[in-house]
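Worksheet: one structure, shown below.
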Amino acid sequence: MPTLPLRTRIAPTPSGWLHQGNGASFVLTWVLARAAGGRVLLRIDDLDRTRFRMEYLDDIFYTLDWLGLDYDEGPVDAQDFLARFSQVHRLDLYNQALAELRLQELCYACHCSRSRIRAASPDGIYPGFCRKKDLDFEMAEVAWRVCLPAHAVAAFREWGRADLHTVEFGSSMGDFVVRQKDGMPAYQVASLCDDLHWSINFIVRGADLLPSTAAQVWLAQQIPGKQPFAKACFLHHALLTDSAGEKLSKSAGAASLVAWRADGRGPEQIYRQVAAWLTLPDEVYSLQTLLEATARKYAQLLL
């Protein structure tokens with residue numbers, strides 16, 4: 001069970017149009033939090049400035065309103081986000097964590113290009129070319145990578161499970177990046193620091209992010225003051241796929257929720273998907289009836 005009082009977050013990225021899978025994940029997070037009397041934070045992850053667009057940022061607020069979701073903390077609109085909540089305002093927090101990793105000699109500098117990595121490793125797992133090169137951390141155009149132990153494993157609490165969920169993530173991630181070549185903190189570090197900054201103890205995300213969860217739990221155990229993250233409870237939901245069986249991705253196509261709204265469609269299909277994830281009866285749900293059904297079925301897990 002999540003530790004009570006429950007604190008969770010909805011954490012979209014303004015790097016593309018939100019799709020059905022994003023919407024369902026937001027609704028799932030919201031109904032579980034509200035059924036438990038918990039609090040919801042809107043956290044928008046905007047460190048990827050190369051793909052950031054104002055229209056994508058605005059789309060987040062339009063989508064939450066269309067879904068009927070409220071939240072207790074976070075920006076009220078795009079301008080409030082930029083002024084007070086953007087991740088650029090927390091760079092010192094992320095850089096402190098990076099400094100701790102470097103101080104403990106848990107990372108190294110790497111100048112490998114993506115093309116070189118792809119040529120050597122078609123699955124994208126970094127082969128460790130720079131592990132022993134002792135490159136200068138302050139060189140231009142170098143990333144920082146963690147030096148993972150062989151068969152790195154992390155264990156964490158998964159919602160609804162009595163035992164710890166143990167994930168061997170080293171083979172699926174390799175020595176992952178913690179600081180990018182442009183000097184910006186990478187997702188794994190920023191997300192970990194943000195969740196601790198806001199005392200988040202319940203995290204809902206797609207099953208494709210299981211390795212990321214394990215990586216963040218492992219990082220938390222290495223960095224002084226970050227260990228409380230390992231006590232959080234997680235829920236990894238199934239992924240929605242397109243007609244070809246591929247995972248949905250952010251796009252301007254028919255799968256995007258901006259296209260749904262332009263067609264006059266409502267969010268009922270998303271509510272039904274969340275009901276299916278929660279094994280609720282196959283009915284036509286409003287957000288309120290979905291919340292009520294969730295509270296009835298999962299009262300013992302949520303309270």
### Message
Cβ-Cβ under 7 Å, sequence separation 6+ or interchain: first residue in segment 54-79 and more than 20 Å from Ile270 (Cα to Cα) and surrounded by 14 or more Cβ atoms within 10 Å (Cβ to Cβ), partner basic (Lys, Arg) and at pLDDT 95 or above. Which pairs?
### Response
Gly74/Arg43; Pro75/Arg84
### Query
Which pairs have Cβ atoms under 7 Å, sit 6 or more apart or on different chains, and link a residue in segment 91-103 that is in a helix (DSSP H, G or I) to one that is aromatic (Phe, Trp, Tyr)?
Leu98/Trp144; Arg102/Phe137
### Message
I'm checking my understanding of the structure. Among residues of segment 155-189 that are more than 12 Å from Thr213 (Cα to Cα) and among the aliphatic types (A, V, I, L, M), which one is surrounded by the most Cβ atoms within 10 Å (Cβ to Cβ)?
### Response
Val178
### Message
I'd like to know if segment 113-128 contains one or more residues that are assigned to a loop (DSSP other than H, G, I, E, B), at pLDDT 95 or above and either of a type in the set (Lys, Arg) or farther than 20 Å from Ser212 by Cα (or both).
### Response
no
### Near pairs, Cβ below 7 angstrom, 6+ apart or cross-chain, from segment 4-24 (in contact (Cβ under 8 Å) with a residue 60 or more places away in the chain and closer than 9 Å to Ser256 by Cβ) to any residue that is assigned to a loop (DSSP other than H, G, I, E, B) and among the aliphatic types (A, V, I, L, M)
Trp17/Ala252; His19/Leu248; His19/Ala255; Gln20/Leu240; Gln20/Leu248; Gln20/Ala255
### Sole residue being within 30 Å of Leu18 (Cβ to Cβ) and within 14 Å of the chain's Cα centre (by Cα), chosen from Ser191, Ser199
Ser191
### Verdict on Val217 being under 30 Å from Phe85 (Cα atoms), β-branched (Val, Ile, Thr), part of a strand (DSSP E or B) and touching a strand residue (DSSP E or B) at 6+ places or on another chain (Cβ under 9 Å)
no
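The values are calculated or read from the model by the stated rules, or taken from the named source; none is laboratory data. These figures come from a predicted structure and were not determined experimentally. All Cβ positions, even for glycine, are placed from backbone atoms using ideal geometry, and neighbour counts span all protein chains on display.
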